[in-house]
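Peer 1: This is the structure I want to talk about, given as structure tokens.
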Amino acid sequence: MPRLFPSPRPAAATLATLTALLAGCGRFSGARVPELTDARLPRLEPAALQACATRLGLAAELPRPADATNFGERQPRDAQGRSVPHLPQLIVLHETVLSAPDTVKLFATPHPNDDDQASYHLLIDRQGRRLRIVPDELRAFGAGMSAFGDFAVRIRPASVGSLNNVALHLSLETPADGRGDSDGHSGYTPAQYEAAAAQVLLWQARFGIPFSRLTTHAAIDRSRSRYDPRSFRWERFLPAYRKAAAACSLTAYDNGRAVP
């Protein structure tokens, strides 16, 4: 994948900036497959998840679907016919670099070239609204050359290991002063932290994902070129998360440290 942040370049943000961030993320389908241990956490039914969302005051998701070229199916088998993990097992935090409207426009644009394909499952804008890009059941192209420790999935024989087959990708809209190649920016709004915390909790409860499998694009990237979400502050996220978990009586999901 092309590099995004590692070297200085013009600060003007263009659609090419996010393409560089995620370009080729659909192509890198995965690596050798050690299993992630089952955390044995409960999985809530839709009615219970909706009750939690209502308790947290979450507005309904806004549909902003990606073009079909920018996402795919979660694959149950690799090219050799071996079973591989294909259900959501971890959550990856990103940032957009572009504005939310420009990001939505990019994902809605057809990209027949593998190197240009990219998407998230959800995008949280500066007002804390949740924009639905790709359904959870499908495979968003958010992290190409990636691994969680030594865990990755490879679908095609010649491809590089990736986490897309098991990842849920959540992105925060970057503030205007971060839409370039700087090391940091003014950060995310309280509404974004609150919505992100609530969404992480809902995903954990739906799929039984432990908190220790909440990570960042920077932490999983193996191209050594990604370090988003820049200026993300765990000390702002954690209080919002624990407040949400307490409100929904889901504190059992706060069972380990996230990977910074």
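The values are calculated or read from the model by the stated rules, or taken from the named source; none is laboratory data. Keep in mind it's a predicted model, so treat the numbers as computed, not measured. Counting neighbours? That spans all protein chains shown, and the Cβs are built from the backbone with ideal geometry, glycine included.
Peer 1: Can you pull out the residues in region 119-176 that are in contact with a helix residue (DSSP H, G or I) (Cβ under 8 Å, 6 or more places away or on another chain) and either polar (S, T, N, Q) or at pLDDT below 90 (or both)?
Peer 2: SER119, GLN127, GLY144, SER146, SER171
Peer 1: To continue, here is another question. Where in region 1-114 are there helices (runs of 4 or more DSSP H), lying wholly inside it, with at least 2 residues that are at pLDDT below 90 and either surrounded by fewer than 17 Cβ atoms within 10 Å (Cβ to Cβ) or hydrophobic (A, V, I, L, M, F, W, C) (or both)? Spell out how you get there, then give the answer.
Peer 2: Numbers: elements: 15-22, 46-55, 100-108.
The helices (runs of 4 or more DSSP H) meeting that bar are 15-22.
Peer 1: Is one or more of the residues making up region 240-253 without any contact (Cβ under 8 Å) to a residue 60 or more places away in the chain, touching a Cys at 6+ places or on another chain (Cβ under 9 Å) and not in a helix (DSSP H, G or I)? Walk me through it before giving the result.
Peer 2: Step one: of region 240-253, the residues without any contact (Cβ under 8 Å) to a residue 60 or more places away in the chain are 240-243, 245-246, 249, 251.
Those still in the list that are touching a Cys at 6+ places or on another chain (Cβ under 9 Å) too: 249.
Next, from what is left, pick out any that are not in a helix (DSSP H, G or I): 249.
Yes, region 240-253 has at least one match.
Peer 1: Hey, VAL92 hits all of (1) under 19 Å from THR216 (Cβ atoms); (2) in contact with an Asp or Glu (Cβ under 6 Å, 6 or more places away or on another chain) but one; which does it fall short on?
Peer 2: (2)
Peer 1: From the list SER182, SER223, which one is surrounded by fewer than 17 Cβ atoms within 10 Å (Cβ to Cβ) and of a type in the set (Ser, Thr, Tyr)? I'd like the intermediate steps shown before the answer.
Peer 2: Details: SER223 fails: surrounded by fewer than 17 Cβ atoms within 10 Å (Cβ to Cβ).
None of the other options fit; the residue is SER182.
Peer 1: If you don't mind, there's one more thing I want to ask. What is the residue count in region 180-215 for residues that are polar (S, T, N, Q) and either under 14 Å from the mean Cα position of the chain (by Cα) or closer than 19 Å to LEU62 by Cβ (or both)? Quick ask: steps written out before the conclusion?
Peer 2: Within region 180-215, the subset polar (S, T, N, Q) is 182, 186, 189, 192, 199, 204, 212, 215.
Subsequent filtering for residues that are either under 14 Å from the mean Cα position of the chain (by Cα) or closer than 19 Å to LEU62 by Cβ (or both) retains 189, 192, 199, 204, 215.
Counting residues in region 180-215 that are polar (S, T, N, Q) and either under 14 Å from the mean Cα position of the chain (by Cα) or closer than 19 Å to LEU62 by Cβ (or both) gives 5.
Peer 1: With under 16 Å from LEU122 (Cβ atoms), surrounded by 14 or more Cβ atoms within 10 Å (Cβ to Cβ) and touching a Cys at 6+ places or on another chain (Cβ under 7 Å) as the only criterion, which of LEU202, LEU214 stands out? If you could, list the steps in order and put the result at the bottom.
Peer 2: Numbers: LEU214 fails: touching a Cys at 6+ places or on another chain (Cβ under 7 Å).
Exactly one residue qualifies, and that residue is LEU202.
Peer 1: In region 126-156, what residues are within 24 Å of GLN192 (Cα to Cα) and without any contact (Cβ under 8 Å) to a residue 24 or more places away in the chain?
Peer 2: If the condition is that a residue be within 24 Å of GLN192 (Cα to Cα) and without any contact (Cβ under 8 Å) to a residue 24 or more places away in the chain, then PRO135 is the only one that fits.
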